[in-house]
Amino acid sequence: MIEFKMINRTFNMGCVSTYRTELMGFAAILIIVCHAPANGVVVSAFLDRLLRWGGIGVDLFLFLSGVGMYFSLQKKQNLKHWYYHRYLRILVPFMVFSLPYYLFRALHDGDSFFTFFCNITTISFWLRHEGAWFVAMLIPLYFMTPYLSKFIDNCKSRVIPSLFLCIIFIALYLIPSSDAIIQNIQICLSHVPSYIGGYLIGKDVYEHNKVSKWTLWTSIFCGLLYIILFPVHVQKNWLLIPISVILLSSLLDNISTNKRIMTILYFMGGVSLESYLSNIYLPVVLRKTGIQEIIYSIDDSNYLYYLLVIILGLIIAYMGSVVSKKTLALVKRI
C-alpha cells in the first residue's frame, strides 16, 4: 500500500522540478480526455461535465511553464538570446505540425494565401478563434515574461505584485464585450494568472524550499471555499493549480518506483506540445478525408473514432517530436 508521505511531513518544493516532465504528461492526458466530447464522443451529461474538467490541464501547462520561466531567467542570459531560445522551443514544433496541416487545408479547401498566412502565424486565433490557441497565447506571454518578472522580483514580497497582476488579468477577463477579438483576448487573459502563479512558486522550487503540512491543508480549505462561494463564471483554476501541483508532485514522489506509470507520464510529458497539436489537427484531417464518416458508420458513439485519434495522434506526436528536436539542434548550430 502507498503511504501518502506528504501528510506526515513537510513538502520539498524541489519535487515540482524533479517531476516536471511527468506533471506535463499528466496535463497532456487531461487535455486529450477533455477533448473527447468536442470530438463527438457520446457520454452522459454527468460524464461530459466531468471530462470537461480536463481543461484544467491548460492551466497546469501554464503553471509549469511559469516555473520553467523562473529557472530560465536565473541564467542571466542576454534578453535577445533568451527570447531566441524560448521562441525556438515553441515555434519549431508548431511549424513542424502546422506547415503540413495548413498546406493540406489550403489544397483541400482552396484557402487563400492570406488565410494560410493568418493560420501559420496564429493570427487566425485572434481574429476567428481558429487553430492552436495555446501557442497563440504563449507568443505574447513569453514576450511579456521578462517585464512581469522584474515587476514581481523587485518587490520585497513577491506575493503582493503577483496577486495584483492576477487580479488585473481576471478583472480584464470579466469585462463584458461582444467583440470577437476582445473575447479571444479575454480567454487568454483568464489563464495568465496560472502562469504568474507558476513563476511565483518557481523561486521556492528553485531553492528547494519546504512547505509545512498546515500551510498545505489551509490552502486546500481556502481553495475549496473560493470555489463554493464565487460565481461559476469566474475563472478559478489559477487558485487550484498551485496546491494541485504540490499534491500531484507528492503523489508522484510516492509512486516513483512504479516504472510503468512513470514511463507513461514521462513519455507524455516529452511530447506534450506535440500531442496537443496532433490532437487538434488530426480530427480535422480525418473529417475532411471522410475517414471519420466511415468509422461513424460502424460506431455512432464515436469511441472507435476517438481511440484512433488518440493512438494515431500519439504516434504522430512522437514522430513530430523527433523531427522537432533534430530541427532545433540544426537551427542552434547556425
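The values are calculated or read from the model by the stated rules, or taken from the named source; none is laboratory data. Computed from a predicted structure; not experimentally measured. Methodologically, a virtual Cβ is constructed for each residue, glycine included, from the backbone with ideal geometry; neighbour enumeration extends over all protein chains shown. We work out accessible area using only protein heavy atoms, side chains counted, and drop any ligands, DNA or RNA first. Shrake-Rupley method; radii C 1.70, N 1.55, O 1.52, S 1.80 Å.
For the stretch 138-216, the direction-averaged projected area of the alpha-carbon convex hull comes to 6.4 nm².
Treating each Cα of the stretch 78-181 as one equal point scatterer and applying the Debye formula with no solvent, the log10 of I(q)/I(0) at q = 0.11, 0.12, 0.14, 0.21 Å⁻¹ comes out as -0.50, -0.58, -0.74, -1.13. For the stretch 4-127, go through all pairs of different Cα atoms, get the mean of 1/r, take its inverse, and jot down that Kirkwood value in Å. Its Kirkwood hydrodynamic radius stands at 18.1 Å.
Counting only protein heavy atoms and a 1.4 Å probe, the stretch 58-174 has 50 square angstrom of accessible area per residue. Based on every Cα atom in the chain, Rg and the maximum pairwise Cα distance Dmax equal 20.5, 63 Å. Proximity of backbone amide H atoms, modeled 1.01 Å from N, is registered between Lys210 and Met13 at under 5 Å, excluding neighbours fewer than 5 places apart on the same chain.
Does the stretch 93-140 come out rounded, prolate or oblate by the C-alpha gyration tensor, with a ≥ b ≥ c the root eigenvalues, rounded set by a/c under 1.5 and, if not, prolate when a/b is larger than b/c and oblate if not? Oblate is the answer for the stretch 93-140, as a/c is 1.5 or above yet b/c matches or exceeds a/b. Computed from backbone phi with θ = phi - 60° and the Karplus coefficients 6.51, -1.76 and 1.60, the 3J(HN,Hα) list for the stretch 153-170 is 6, 7, 9, 4, 9, 5, 5, 4, x, 5, 5, 4, 4, 4, 5, 4, 5, 5 Hz; x is used for glycine and proline. Pairs exceeding a 30 Å alpha-carbon distance, out of Lys80/Lys325; Lys156/Lys210; Lys259/Lys332; Lys210/Lys259: Lys259/Lys332.
The C-alpha atoms of the stretch 10-74 occupy a region whose extents along the principal axes are 46, 27, 14 Å, arranged from largest to smallest. Computed in the context of the full set of protein chains, the accessible area of the chain at 1.4 Å probe radius has 69% of its extent on carbon or sulfur. Probing with 1.4 Å while keeping every protein chain in the model, the per residue accessible area of the stretch 275-326 equals 53 Å². Within the stretch 271-324, the proportion of C-alpha pairs whose separation exceeds 17 Å stands at 37%. Just grab the label-to-label distance for Lys76 and Tyr266, each label 7 Å out from Cα along the Cβ direction, in nm (one decimal). About 3.3 nm separates the two model spin labels.
Any chance you could tell me what percent of the C-alpha pair distances in the stretch 64-104 go past 15 Å? The partial results should precede the final answer.
Working: 432 of 820 pairs.
Cα-Cα pairs of the stretch 64-104 separated by over 15 Å account for 53 percent.
Dividing the summed -39500 (n - 2.57) terms of all DSSP H runs of n ≥ 4 by the residue count of the chain sets its mean residue ellipticity at 222 nm at -25000 deg cm²/dmol. From most to least packed by mean Cβ count within 10 Å, the peptides 154-163, 197-206, 260-269 give 197-206, 260-269, 154-163.
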